[in-house]
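Trainee: Dropping the structure in here first, questions after.
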Amino acid sequence: MSEGFDPEKLVVREVAPADETGVKELVTAAFAQDTEAGLVHRLRHCGALVLELVAVTERGRLLGHVAFSRVTPADAGPGRELTICCMAPVSVWPEFQRQGVGSLLIETAIEKLKALGEDLVLVLGPPAYYPRFGFDAGLARQVRGPYAGNAFQALALTEAGTKDLPVEVAFATPFEEFE
């Protein structure tokens, strides 16, 4: 490790404009390619982001990043009034992975999204990882969109997030390259 850190002293905060270059480098390193970094950039600059957080050390080193973008329900059906977002991507520098940085980001973000009034959060990711935060592939099967399967998971943050389903959704335009 290049810099030790105390997980208890990590600060999770919203992304600042000065973080943009560091976030791009972090996301590129976390995925060993720049596709996801490009997605974050396009989501940020098209106004689709609902929440974007970073985890930093006491000395200000950026260790992790998470972004949530707006997902739009179809105009018809019981879920048309739901407020839905998608978590993508979650990134941590490779040398700091599996040390709780990603979990801290996700848990903090879920609380912030509840406070913002989000009803449902979607994610496309490892089925063995996201259920620890309450994400469920069964719930996601009630969400019709471009993604399906056990990697597509949902987390209801309100009662409406479970009772006002099924729902058909559209993801922000930058996700089209992943469909």
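The values are calculated or read from the model by the stated rules, or taken from the named source; none is laboratory data. The structure presented is a predicted model; accordingly, all values stated were derived computationally and were not measured. So basically every Cβ, Gly included, is an ideal-geometry build from the backbone, and we count neighbours across all protein chains shown.
Trainee: Could you tell me which of the residues GLU107, GLU111 is more than 19 Å from VAL27 (Cβ to Cβ), out of contact with any Ser or Thr (no Cβ under 8 Å at 6 or more places or on another chain), exposed (fewer than 13 other Cβ atoms within 10 Å of the Cβ) and modelled with pLDDT of 95 or more?
Mentor: GLU111
Trainee: Determine if segment 33-43 includes at least one residue that is in contact with a Ser or Thr (Cβ under 8 Å, 6 or more places away or on another chain) and either within 21 Å of ASP136 (Cα to Cα) or in a strand (DSSP E or B) (or both).
Mentor: Checked segment 33-43: no residue is in contact with a Ser or Thr (Cβ under 8 Å, 6 or more places away or on another chain) and either within 21 Å of ASP136 (Cα to Cα) or in a strand (DSSP E or B) (or both).
Trainee: Considering only residues that are closer than 21 Å to ALA37 by Cβ and either of a type outside the set (A, V, I, L, M) or modelled with pLDDT under 95 (or both), look in segment 65-74 and name the one that is surrounded by the fewest Cβ atoms within 10 Å (Cβ to Cβ).
Mentor: Per the criteria, the residue is ARG70.
Trainee: Can GLY149 be described as more than 24 Å from ARG42 (Cβ to Cβ) and surrounded by fewer than 16 Cβ atoms within 10 Å (Cβ to Cβ)?
Mentor: Against the criterion (more than 24 Å from ARG42 (Cβ to Cβ) and surrounded by fewer than 16 Cβ atoms within 10 Å (Cβ to Cβ)), GLY149 qualifies.
Trainee: Given the criterion of a type in the set (Gly, Ala, Ser), farther than 30 Å from GLU8 by Cα and at pLDDT below 95, identify the matching residue among GLY149, GLY125, GLY100.
Mentor: It is GLY149.
Trainee: Can I ask one more? If THR28 satisfies every condition in (1) in a strand (DSSP E or B); (2) of a type in the set (Ser, Thr, Tyr); (3) more than 12 Å from the chain's Cα centre (by Cα) but one, which is the exception?
Mentor: (1)
Trainee: Looking only at segment 1-21, filter to residues that are buried (at least 17 other Cβ atoms within 10 Å of the Cβ) and more than 12 Å from VAL66 (Cα to Cα); which one of those is modelled with the highest pLDDT?
Mentor: ASP19
Trainee: Continuing with the same structure: Would you call GLY77 touching an Asp or Glu at 6+ places or on another chain (Cβ under 9 Å) and surrounded by fewer than 16 Cβ atoms within 10 Å (Cβ to Cβ)?
Mentor: yes
Trainee: Ok, one more. Here is a check on your reading of the model: is GLN142 farther than 28 Å from VAL11 by Cβ, surrounded by fewer than 21 Cβ atoms within 10 Å (Cβ to Cβ), out of contact with any strand residue (DSSP E or B) (no Cβ under 6 Å at 6 or more places or on another chain) and polar (S, T, N, Q)?
Mentor: Here the answer is yes, as GLN142 does meet what is asked.
Trainee: Quick one: in segment 86-123, of everything that is in contact with a strand residue (DSSP E or B) (Cβ under 6 Å, 6 or more places away or on another chain) and free of Cβ contacts under 8 Å to residues at least 40 places away in the same chain, which residue is nearest to GLY22 (Cα to Cα)?
Mentor: VAL90
Trainee: In addition: Does GLY47 satisfy the criteria of being free of Cβ contacts under 8 Å to residues at least 40 places away in the same chain and either in a strand (DSSP E or B) or more than 30 Å from THR162 (Cα to Cα) (or both)?
Mentor: no
Trainee: A further question follows. Only residues in segment 154-179 that are at pLDDT 95 or above count as the first member; pair them with residues that are of a type in the set (Phe, Trp, Tyr), Cβ under 7 angstrom, at least 6 apart or cross-chain, and list the lot.
Mentor: ALA154/PHE135; LEU155/PHE133; LEU155/PHE135
Trainee: Quick check on VAL92: is it closer than 18 Å to LEU122 by Cβ, of a type outside the set (D, E, K, R) and modelled with pLDDT of 95 or more?
Mentor: So VAL92 does not fit the description; no.
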